[in-house]
Amino acid sequence: MGVFQGHQIVSLLGELIYAFWVIPLFILIKHKLMPKIGHGMRIWDYFASYAGLLFIPNSAYAMLEIRHLLLIDGVADNPNIWSFIVFGGIALIGLLTTLYGIRLIVDYYSKSKGERLIYNAFLSLSCGFGAVAGLLNFVSLPVIIFPPALISVAIGFRNHPSLISLAAFITIFLFIAFLCSDILIKPS
């Protein structure tokens, strides 16, 4: 397969596809097809909500493509304008879709300001640690199919303690960015 500055092109395209997880979510929420959490949920509703939540960190992982512009890691080590367009663009798309996805979910499910904070905290935490799990080569699909894979993710974090700091930083960043967006954009 093709390579762009040391990075598989297929992998970059896959990250873009994963980054746009919010589009099907938007369609489901817009047409009120996404199940509401609470009394009266069917078993299928729980599985749909669970699967949706597990795909959230994929766009957060896409925003970590910025690392290729910041680190000497064998990818884009001699950056040019195309490096910034491709890796910076994917990182920006990942950031925007992560924040938009969190906002969609919080707006759809929360009923009060307190719930907004709780949902934001949970989703920011999920995205922060999920993005870093992507660095450890874990993807959402096996976790959806085989949930005990979460144990492997936990072991991976235990073996890379510095990544816990990165995940915590991403979590705090997303939490604060959401709070700022709530100030600038009235919740719907």
Within segment 152-180, of all residues that are buried (at least 16 other Cβ atoms within 10 Å of the Cβ), at pLDDT 85 or above and among the small types (Gly, Ala, Ser), the one nearest to LYS30 (Cα to Cα) is ALA177
Checked SER49, SER59, SER83 against criteria (under 16 Å from the mean Cα position of the chain (by Cα), among the small types (Gly, Ala, Ser) and modelled with pLDDT of 85 or more); the one match is SER59
Subset of segment 55-103, residues outside any helix (DSSP H, G or I) and on the phi < 0 side of the Ramachandran plot, comes to ILE56, LEU71, ILE72, ASP73, VAL75, ASP77, ASN78, PRO79, ASN80
Conditions (1) modelled with pLDDT under 90; (2) crowded, with 18+ Cβ neighbours inside 10 Å; (3) in a helix (DSSP H, G or I); (4) within 14 Å of the chain's Cα centre (by Cα) -> SER124 fails only (1)
Subset of segment 112-121, residues over 15 Å from LYS186 (Cα atoms) and more than 18 Å from the chain's Cα centre (by Cα), comes to GLY114, GLU115
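The values are calculated or read from the model by the stated rules, or taken from the named source; none is laboratory data. The shown structure was predicted, so the numbers you read here are calculated from the model rather than taken from an experiment. Positions of Cβ are generated from backbone atoms using ideal geometry, with glycine treated the same way; all protein chains shown enter the neighbour counts.
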